[in-house]
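Step one of this worksheet: look at the structure below.
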Amino acid sequence: MLTIGLDHTKKEPFYRQIYAYIRDEIRSGALPCGSKLPSTRRLAKHMDLSRNTIDLAYGQLTAEGYIEAKPKCGYFVCQVEDLASLNIPVETEEEDPVQEEEPIPFDFSPVGVDMSLFPYNVWRRLLKEVMMNDNSELFQKGENQGDLGLRRAIMYYLRQSRGVHVGTSQIVIGAGIENLLFLLSLTLGKGRTMAMENPAYLNAYQTVRELGFQVLPVNMDEEGLKVSQLEQSGADLAYVTPARQYPTGVVLPIGRRSRLIKWAREKKERYIIEDDYDSEFRYYGKPIPALQGIDESDKVIYMGTFSKAIAPAIRIGYMVLPKSLVSAYRKTAGIFSCAVSRIDQSVLTSFLSEGHFERHLNRMRNVYKEKHDLLIQKLKEIDSRITVYGAGAGLHVRVDFPIQDTRRFEKELLKRGVRIYPLSMYYIDGGPEKEQYILGFTKMQKEDMIKGLKAIREVYRLV
C-alpha cells in the first residue's frame, strides 16, 4: 500500500498531489515497470478520501502513459525508463478547471434536494414509454416556446396551485432561470435598469449583471422589499421573490404587493419579475398566492422551475409573459429554439398530467416538514434565546444566534465539519446590522442533521 503525504495547506487539489507523488516515484525507479498499484477502492479507503479523487489521479497517470489498466487485473506501471534522457520538465502546477473541495460532513446548505425519495421507477418508465413509441416527431425541432403539451400541463398546474392567470401562448419553456433571463433580456431590450432585493438571490443577480442590466440594490426590512426606496431608485424593472424572499424568508404583505403593482402601473416600460422561488413548500397555514394572480394591469413576468420540486438536473423552467410582451418576445427572442430536449419535455408532460408530480410533491412536503420541525426543535434546545425567522415554509430558515464573535463561531464550526451560511454573503451592497445565518435542511439526512446540531451546540457554548 502506498503511503502518500498530503499537504492540506496547499491550494492544489488532492488528486493532483497523489498524481505527482506516483509520477515521481515511477520516474525515480522507486516504482519499477510492472509494479501493481493498489486498487482505487483500497487506496481511497486507506487514505480516507473519496474514490473519485483516486480515480482522477489514476486517470491522469493513465492518460500520460505512466500506468496502464489491465481488465480484471488492476493498474500496473508502464515502461518509462527512457523519460529521464528526454529531459521532459516535470510540471508542478497545471490549470485545473475543476477545483476539488473536500466535502463538509454537516453542510446546512440551502441549495439542493433530498433525492432519496425521487420516483426513479416512475421516471424510468415514462422515459421508456417515450422511447418505445417510435415517435420520430420528438427528434425533430419543436416549438420555440416549448412543446404545447408541456405548456398546457404547466398552465393547469399554475392556475390551480398558484392562482396564476395564464394561457399557453404566454408560457416560454427554458433550461432554468438563467436561460429564461437571457430570453427576457432580448425581449425587453438593452439599457434597462433593474432593482433587486438586497440581500439577493445571487444566482439571478450575477446572471442579470452578465446580461448587461444595470442593477440597483433595494434594501429589505422585516416586511420585505422597501417599495419607498424602489420608487426613488429610477429603476424600470424590479426582480422580487414575494412568496418567500430569498434568502431572508420574508413574505411580502398584501399592502406592499399592492404598492409594488401600483409602481409598475405608473409607467409603460415598468415590469415586475416575480421569481416564485420554493413556493411549493409550505408546511403551516394557507399557500401564499402569486403576485401575478392579483395583478390586473399585465405588469408581472412570472418565473419558476422544477429544480427544487423534482431535481436540480431536470433543468426545466418556465416564464409566463404578460400578454403585452408576447409579440415582442416572438420578434426578438422567439428566433431561438427551445433549449430543453423534447424527450425531457415529453417525460415531464406525462409526469405532470398523470398526477405523479402532485404525489411526489406531497411526499416531499412531509419529508421536509419533519426535517424543518427537527431543525427548529434542536435549535431551541440549544438556547431559547436563539431566534428563527422564515419558519413554516421553504427549504431553509434564517437564524439569529445571540453571540458576539461570529467569525470565531464560523471557524470553530468548520473545524468540526459544520458549515452554515452567513447572511452577509448574500448582500450585493452593504451588509446586515447583525450577522445572521442561513441553515438549509433539505439535503441532509436527519441523522447527520442531529450530529451537526450537536456540534453547533458545543461551539455555541464555547464562544
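Yes or no, residue by residue, for (1) out of contact with any helix residue (DSSP H, G or I) (no Cβ under 9 Å at 6 or more places or on another chain); (2) open to solvent by 70 Å² or more (accessible area, probe 1.4 Å); (3) assigned to a helix (DSSP H, G or I); (4) more than 21 Å from residue 73 (Cα to Cα):
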{"site": "16", "(1), (2), (3), (4)": "no, no, yes, yes"}
{"site": "22", "(1), (2), (3), (4)": "no, no, yes, no"}
{"site": "41", "(1), (2), (3), (4)": "no, yes, yes, no"}
{"site": "57", "(1), (2), (3), (4)": "no, no, yes, no"}
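The set of residues from region 272-284 being open to solvent by less than 70 Å² (accessible area, probe 1.4 Å) and of a type outside the set (D, E, K, R) comprises 272, 273, 277, 279, 281, 283. Looking across region 43-53 at every residue that is assigned to a helix (DSSP H, G or I) and within 16 Å of residue 8 (Cα to Cα), the one that is least open to solvent (accessible area, probe 1.4 Å) is identified as 53. In the condition set (1) farther than 25 Å from residue 387 by Cα; (2) surrounded by 15 or more Cβ atoms within 10 Å (Cβ to Cβ), residue 269 is compliant with all but (2). When residues in region 413-448 are screened for being acidic (Asp, Glu), more than 17 Å from residue 113 (Cβ to Cβ) and modelled with pLDDT of 95 or more, 2 of them pass.
Evaluation of residue 310 against the conditions (1) in a loop (DSSP other than H, G, I, E, B); (2) hydrophobic (A, V, I, L, M, F, W, C); (3) open to solvent by 40 Å² or more (accessible area, probe 1.4 Å) shows that the sole unmet condition is (3).
Contact map, region 189-215: first residue free of Cβ contacts under 8 Å to residues at least 12 places away in the same chain, second residue assigned to a strand (DSSP E or B) and open to solvent by 10 Å² or more (accessible area, probe 1.4 Å), Cβ cut-off under 6 Å, separation 6 or more or different chains; pairs are 209/215.
Filter region 214-241 down to residues that are part of a loop (DSSP other than H, G, I, E, B) and touching a Ser or Thr at 6+ places or on another chain (Cβ under 7 Å) and give me whichever is surrounded by the fewest Cβ atoms within 10 Å (Cβ to Cβ). Restricting to residues being part of a loop (DSSP other than H, G, I, E, B) and touching a Ser or Thr at 6+ places or on another chain (Cβ under 7 Å), the top hit is 234. Within region 28-39, the set of residues being out of contact with any Phe, Trp or Tyr (no Cβ under 8 Å at 6 or more places or on another chain) and surrounded by fewer than 20 Cβ atoms within 10 Å (Cβ to Cβ) comprises 28, 29, 30, 32, 33, 38. Only residues that are at pLDDT 85 or above and either under 16 Å from residue 359 (Cβ atoms) or touching a Lys or Arg at 6+ places or on another chain (Cβ under 9 Å) (or both) were counted in region 125-139, giving 2. So is residue 109 closer than 30 Å to residue 202 by Cα, loosely packed, with under 14 Cβ neighbours inside 10 Å and at pLDDT 80 or above or not? Answer is no for this residue.
The values are calculated or read from the model by the stated rules, or taken from the named source; none is laboratory data. Bear in mind that the values here come from a model prediction, so they are computed numbers and not experimental data. When we count neighbours, we look across all protein chains shown, and the Cβ atoms used for this are built from the backbone with ideal geometry, even at glycine. Accessible surface areas use protein heavy atoms only, side chains included; no ligands, DNA or RNA. Shrake-Rupley method; radii C 1.70, N 1.55, O 1.52, S 1.80 Å.
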